[in-house]
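Derivation of every value follows stated rules applied to the coordinates shown; laboratory data play no part. What you see is a predicted model; the values in this text were computed from it and never measured. Backbone-built Cβ (ideal geometry, glycine too); neighbour counts: all protein chains shown.
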Amino acid sequence: MKMTLKEIADKVGGEVIGDPSPAVETITGLENAGEGGLVWIEKRRQLKAAEESVAAAVIVPLNIDSSSKPLVRVENPRLAFAVLAGIFFPPRSFPPGVSPEATVSPSARIGEGVSIQPRAVIEDGAVIGDRSVIGAGSFIGLNSRIGADTRLYPNVVVNENNVIGDRCIVHSGAVIGGDGFGYVADRDGRHVKIPQVGRVVIGDDVEIGCNTTIDRGTFGDTTIKRGVKIDNLVQIAHNDEIGEDTVLCAQVGISGSVKVGKGVMMAGQVGIADHVEIGDRVLLAGQSGIAAKKKVAPGQILLGSPARPLREAKKLHAWESRMVKKLLAGEE
């Protein structure tokens, strides 16, 4: 594919500085610049390296207005890169149809243009929306519903009675609707299982990483709302509610009955105990931990375990460092 700089600027709402007619064939980061390609930078200090590269043109922020190379100026170069990367490197397409090696119940409803790959299993009453892709070896359980334009990579499990919205992506090894972890001890100390009969309901435009698990509700729903992005190896327990546009990074673990607001960011290995409420736009730094039944006000940045406001956590860390140095000095 080739696009002129003028066409590129139109796609990303930018403006061209210099000759708008050159055509480029790809877009990359600065470190991967290729001859005749387009690169993007976010800082003025990166411009010299971009000019010395073999790239044909550069996407830059609005505070850069001149260069030895043609520029495409935009408000957000990273966002422009994401949009253009989706154009230059479109997702793999799959021919519609049901593989003869797949097992599809006669009572399942399969939309138009759906691709069902070898060894996939679609159980009774399942619904697959138009143009969706069910990867090889994936399982769609009894009465579960998959929306339109959704892709399940190979070996995804969607157990019975769950719902996945439109334009979702679920990567290999993910399990949607496994039983919640619920037991009660009898008088002999034996663990008696509490039936988990709720659902998982996933909104539109959600992406779920490899080997992530989302447990069904005990009786109600575990809810993942529109636009949530979930990394690999994340655990979401029964009856959780994850708000719109929240991001959960790798190895986050969320206990049961947790309510997470909109636009929350949890970095790697964050741990949330049960019945916690987290407000909108909270940022939890890596390995932060929140104890059971806590309420976190909107807009905070928290760090540590137990998690504290960032300024307080920094002071505590500095104090601990000084104490350790003093103790070590006293041993000499």
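Can you work out the base-10 log of I(q)/I(0) for the chain at q = 0.08, 0.10, 0.12 1/Å, using the Debye formula on its C-alpha atoms alone? Per q value, in the given order, log10 I(q)/I(0) is -0.54, -0.78, -0.98.
Calculated mean residue ellipticity, 222 nm, the chain: -4500 deg cm²/dmol, from DSSP H runs (n ≥ 4) at -39500 (n - 2.57) each, averaged per residue and rounded to 500. Net length available on complete extension from Glu31 to Val192 is 52.3 nm, with 0.36 nm assigned per residue and the Cα-Cα distance removed. A Förster radius of 22 Å combined with the Cβ-Cβ distance from Glu75 to Lys314 puts the calculated FRET efficiency at roughly 0.10. Taking Lys and Arg as +1 and Asp and Glu as -1, the other residues whose beta-carbon sits under 12 Å from that of Gly217 total -3.
Comparing Ser172, Ser67, Ser255 in a Gaussian network model of the chain, where Cα atoms under 10 Å apart are tied by springs, the biggest mean-square fluctuation is seen for Ser67. Here the gap between Thr4 and Lys293, fully extended at 0.36 nm per residue and compared with their Cα-Cα distance, gives a gain of 98.5 nm. Amide H contacts of Val104 (H built 1.01 Å from N, in plane; Pro and chain starts excluded): Ile122 sit under 5 Å, all sequence-distant by 5 or more or on other chains. Amide H to amide H, with H built 1.01 Å from N, Thr26 comes under 5 Å of Leu38, counting only residues 5 or more places away or on other chains. Packing-based ranking of 264-271, 180-187 yields 264-271, 180-187, ordered from highest to lowest mean Cβ neighbour count within 10 Å.
Relative to the compact globular guide of 2.2 N^0.38 Å, what is the alpha carbon radius of gyration of the stretch 223-282, as a ratio?
So the Cα radius of gyration is 0.94 times the expected 2.2 N^0.38 Å.
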